[in-house]
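Since the structure comes first, as structure tokens, the remarks are kept for the end.
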Amino acid sequence: MFGIGNKKISTESYKGVRDFYPQDQAVQNHIFKIMREVSESWGYEEYGASILEPLELYKLKSSEEIIKEQIYYFTDRGNREVALRPEMTPTVTRMIAAKIQELPLPIRWYSIPNLFRYEKPQRGRLREHWQLNVDLFGVPSILAELEVISIAFDIMKKFGADEKDFEIRINNRLLLDDVFKKIKINEDKKQFVYRLIDKKEKFSDDDFRHSLVVLIGKESAEKLLENLYLGEGLLVTLKESEAAKNLNEVVNILRDRGVSNVVFTPTLTRGFDYYTGTVFEVFDTNKENPRSLFGGGRYDDLIGSFTSQNVSAFGFGMGDVTMRDFLETHKLLPEINSTASLCICVVSNTDMEEIYKIAKIFRESGISVAVDISGKKLPDQLKSLSKRKIPFVMTIGEEEIKNQTFTVRNTKTREEKNGNLEEVIKLCVR
Ligand code: HAM
């Protein structure tokens, strides 16, 4: 038999994903609105794509962890392996590569896709999240770093964050390459060392040291640690290296531009194999929520895996889950009101067509109105308002319709005002 008989279906959502009840959706919309406003204020254009992608797209270029442990995929009815996208970078790169002859460079694009990763659900990590992607294509110079990191900073500021609430950690993989060369770490070990350094925060110092020793031997491990622990000092030690000069310049110009919380962090690598140069990650400085908030970097070789034309790229992905946690921790979430500005409560036996005519006039004046059509008694209608957060209420019966005089009450202050329709409409403007 199709179905499950009389058994009741669970009301729980699938593990690790969220339902957005209207209040949650309103917060989500607020977050997206700010992301959109700031991205567009820098001239970025929105694009979109399907959640479904051929699995192959991720096999070569995403992170090993995503492919081996986190990707959701299935075989379709035509025997194709299909993935639910775990990140947007392969998609946007594929789209740009497909039209590279037509698109004038530089390309400034943004999108807010939902993404799927089979993670162990925990604070800040879920199985479905939404992620603002801001990417700039065709700018090989540090002007790309400066622009995109400034956008990330502007978004944080627009959310109401203070510079002290977060820090922008920055590094350059080429600088690590210079360190690797100096201490003679084999080329074929490089990606493994990057990945290990990327996970450093998850290990104790001893375990990190031990894992490094296993990977590259005791002597190299000690030398590497010495360099990593130099902090800003590493930029001085390697001052002749191009990568160090480049990083110094990025950090100094950003600080001059007012992005005061950039911090050079030699242990930052980020998990994806496609990053080729500068990487950055934004961290909450609050002790209750010390997680990384979002990050990105330069990936100059990815378009070259689709076409013969190589195009440099720099961008970041900002997740909604971590951002919401951040805004909650720092009390930066706005108060969410109902979409309706006015609720019309109806005295029993009133002609509903008259009520709807009045509601229409309000709507035509730009005031959103919900009419209580529950058929409940007036006191019960008014009582249910307390849960709805609608700023204004008006009770209408035959008398109000006959006299064309109405009373509007502010549901928060309980203040009441009378007037004809034109006057009460003015009172309801938010
Ligand atoms: P990512 O570091 O994997 O980078 O993800 C970017 C951000 O998305 C994270 O810092 C976090 O805010 C959020 N995020 C990732 N996974 C989850 C999850 N399971 N649950 C909740 N939030 C999550 C990328 O995806 C790169 N493609 C970003 C990029 C764009 N690089 C260049 N352009």
In sequence order, what are the phi-derived ³J(HN,Hα) couplings for the range 384-397 according to the Karplus relation 6.51 cos²θ - 1.76 cosθ + 1.60 with θ = phi - 60°, rounded to whole Hz, with x for glycine and proline? 5, 5, 4, 8, 9, 6, 8, x, 10, 9, 9, 9, 10, x
Please find, in a Gaussian network model of the chain (springs between Cα atoms separated by less than 10 Å), the residue of 405, 278, 11 whose mean-square fluctuation is greatest. 11
So if I place +1 on the C-beta of Lys and Arg and -1 on the C-beta of Asp and Glu, and nothing else carries charge, what would the dipole magnitude of the chain be about its Cα centre? I want it in debye, nearest 20. 920
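Based solely on its DSSP helices, what 222 nm [θ] is calculated for the chain when runs of n ≥ 4 H residues each add -39,500 (n - 2.57) and the sum is averaged over all residues, nearest 500 deg cm²/dmol?
Working: 15 runs with 155 residues, N = 430.
About -10500 deg cm²/dmol.
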Residues in the range 26-60 reached by a label modelled at residue 150 [backbone nitrogen below 12 Å; 7 Å Cα→Cβ]: 42-43
Go from 0 up to the bin containing the longest alpha carbon distance in the range 281-417, width 5 Å each, and give me the % of pairs per bin. 2, 8, 13, 13, 10, 6, 6, 7, 8, 7, 6, 6, 4, 3, 1, 0
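When the chain is fully extended, how far beyond the present Cα-Cα distance does residue 389 get from residue 429, taking 0.36 nm per residue of separation?
Working: separation 40, 0.36 × 40 = 14.40 nm, distance 1.55 nm.
Using 0.36 nm per residue and subtracting the Cα-Cα distance, I get 12.9 nm.
Any idea of the accessible area per residue across the range 342-427, 1.4 Å probe, to the nearest Å²?
Details: 5460 Å² over 86 residues.
Ligands and nucleic acids excluded, the figure is 63 Å² per residue.
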What nm value, rounded to one decimal, do you get for the distance between residue 225 and residue 77 when each label is placed 7 Å out toward the C-beta? 5.9
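About its Cα centre, what dipole magnitude does the range 234-381 give when the only charges are +1 on Lys and Arg Cβ and -1 on Asp and Glu Cβ, stated in debye to the nearest 20? Write out the running numbers ahead of the final one.
Values: 15 positive and 20 negative charges, 47 e Å.
Dipole about the Cα centre, nearest 20: 220 debye.
Got the relative contact order for the range 1-154 handy, in percent, Cα pairs under 8 Å and 6 or more residues apart? Could the numbers behind the result be given before it?
On the way: 170 pairs, mean separation 37.6, N = 154.
Answer for the range 1-154 is 24 percent.
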The chain - share of DSSP beta bridges that are antiparallel (%, nearest 5): 80
Which parts of the range 319-336 would a label at residue 410 reach, counting a residue when its backbone N lies under 20 Å from a point 7 Å out along Cα-to-Cβ? 335-336
Keeping all protein chains in place and using 1.4 angstrom, which order do 85, 255 fall into by accessible surface area, from largest down? 255, 85
Using only the alpha carbons, work out the radius of gyration and Dmax of the range 342-427 in angstrom. 11.8, 31
May I ask you to list the trypsin sites (Lys or Arg not before Pro) in the range 306-408 that are in a DSSP loop and have at most 16 other Cβ atoms within 10 Å of their Cβ? 331, 376, 377, 388, 389
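For an R0 of 56 angstrom, estimate the FRET efficiency from the Cβ-Cβ distance between residue 301 and residue 25 and round to the nearest 0.05. Write out the running numbers ahead of the final one.
Details: r = 39 Å, r/R0 = 0.69.
E between residue 301 and residue 25, to the nearest 0.05, is 0.90.
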Kindly report the accessible area of the range 187-245 per residue (heavy atoms of protein chains, probe 1.4 Å, no ligands, DNA or RNA), in Å². 61
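Tell me the carbon and sulfur percent of the accessible area for the chain, rounded to whole percent, probe radius 1.4 Å. The partial results should precede the final answer.
Values: 11590 of 22920 Å².
Carbon and sulfur together cover 51 percent of it.
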Picking from 337, 310, 79, which is most flexible by a Gaussian network model of the chain using Cα springs under 10 Å? 79
Roll a 1.4 Å probe over the protein heavy atoms and report the accessible area of residue 263 in Å², nearest 10. 50
Run through all the Cα pairs of the range 72-148 and give the fraction in each 10 Å bin from 0, expressed as whole percent. 15, 35, 31, 17, 2
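For the chain, what relative contact order do you get, as a whole percent, if you take Cα pairs closer than 8 Å and at least 6 residues apart? Provide the component values of the computation, followed by the final result.
Numbers: 669 pairs, mean separation 63.4, N = 430.
The value is 15 percent.
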Listed residues 116, 294 arranged by accessible area, highest first, probe 1.4 Å: 116, 294
Can you list residues whose amide H is under 5 Å from residue 371's amide H, if they're 5+ apart or on another chain and H is modeled 1.01 Å from N? 344
Per the chain, sqrt(5λ) over the Cα gyration tensor eigenvalues, sorted largest first, in Å, gives 52, 25, 22
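For residue 13 and residue 45, FRET efficiency with R0 = 30 Å and r from the beta-carbon atoms, rounded to 0.05?
Between residue 45 and residue 13 the formula returns 0.35.
Mind giving me the FRET efficiency for residue 339 and residue 248? R0 is 45 Å, r the Cβ-Cβ distance, nearest 0.05 is fine.
0.35
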Ignoring GluC sites (Glu not before Pro) that are buried or in helix or strand per DSSP, and keeping those with at most 14 other beta carbon atoms within 10 Å, what is the longest stretch of the chain between them? 103-231
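The values are calculated or read from the model by the stated rules, or taken from the named source; none is laboratory data. From a predicted model like this one, the values you see are computed outputs, not experimental measurements. Reconstructed Cβ throughout: ideal geometry from the backbone, glycine too, with neighbour counts over all protein chains shown. SASA here: full protein model, heavy atoms, side chains in, ligands and nucleic acids out. Shrake-Rupley method; radii C 1.70, N 1.55, O 1.52, S 1.80 Å.
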